[in-house]
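Contents: one structure, followed by commentary.
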Amino acid sequence: MDSADGGFTVLEGLILCIVAVLLAVLAAHALNAPPGHPAGFVYSALEETGGCLMVSGDVYGYALGGGTVDGVALVCDRPDLSRMGSVSCSIRLFVGDMGSVDIGRAVVEVATPEGTERLDRTAGAPVSPGNWTIVRMGHTIPFLQADDDTLLEPGEQFDLVIYPSRPFAPGERFLIRIAPPGGVPLTMERVVPPRITPVMDLG
């Protein structure tokens, strides 16, 4: 039938069917939301990022030696300036994250071709090999401060120092995995520079 006679073309009918399906999906989403739970696609999209961590800035590596790294003292019985001993990084929640993550209970692992090591968390200094620590807690918004707890909340940023038991050789590939309880693990894969210096920007 010609559309000029007031009838529907196949294309118009197809468009109406698509609109009807979209309306049905929207209605089902709104009706199936749990009681007392904020509904809507925008809120749902933000909520999906709950517990997602991301690296803020660059990751840095440090030669295996005595002294301090990022302001925290490290125990080093056998310094070896030809190897990388520790790593520091800053983490925060993914943009739009509405929740919080208890970094103090996170599982931190370092994986190399030789195997995987699960590190222990230490709250004080000095930090021994096989441990990691939260160096400082800050806020990404000027004039705001982070809480004194280990909950990483929206807008907060934690600086970590990761000190595996075995140092890294030049050119070695390694992976750091930070898995917070109930959250999405953060994985950082890096390569040790061919030339070891006291401080190295790993990207």
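Points to keep in mind about this one:
- Most to least packed among 67-77, 52-62 [average Cβ atoms within 10 Å]: 52-62, 67-77
- The stretch 101-142 - percent relative contact order, Cα under 8 Å, separation 6 or more: 25 percent
- Here each label is just a point 7 Å from Cα along the line to Cβ, and for A20 and R136 those points are 6.3 nm apart.
- Most to least accessible of T140, T197 (protein chains only, probe 1.4 Å): T140, T197
- Couplings 3J(HN,Hα) for the stretch 116-123, derived from phi with the Karplus relation 6.51 cos²θ - 1.76 cosθ + 1.60 (θ = phi - 60°), are 10, 10, 9, 8, 8, 9, 10, 9 Hz, where x marks Gly and Pro.
- Approximate spin-label separation V107-S56, in nm, with each point projected 7 Å along Cα-to-Cβ: 2.6 nm
The values are calculated or read from the model by the stated rules, or taken from the named source; none is laboratory data. Quantities reported herein were computed from a predicted structural model and do not represent experimental measurements. Backbone-built Cβ (ideal geometry, glycine too); neighbour counts: all protein chains shown. Side chains included, ligands, DNA and RNA excluded: accessible areas come from the protein's heavy atoms. Shrake-Rupley method; radii C 1.70, N 1.55, O 1.52, S 1.80 Å.
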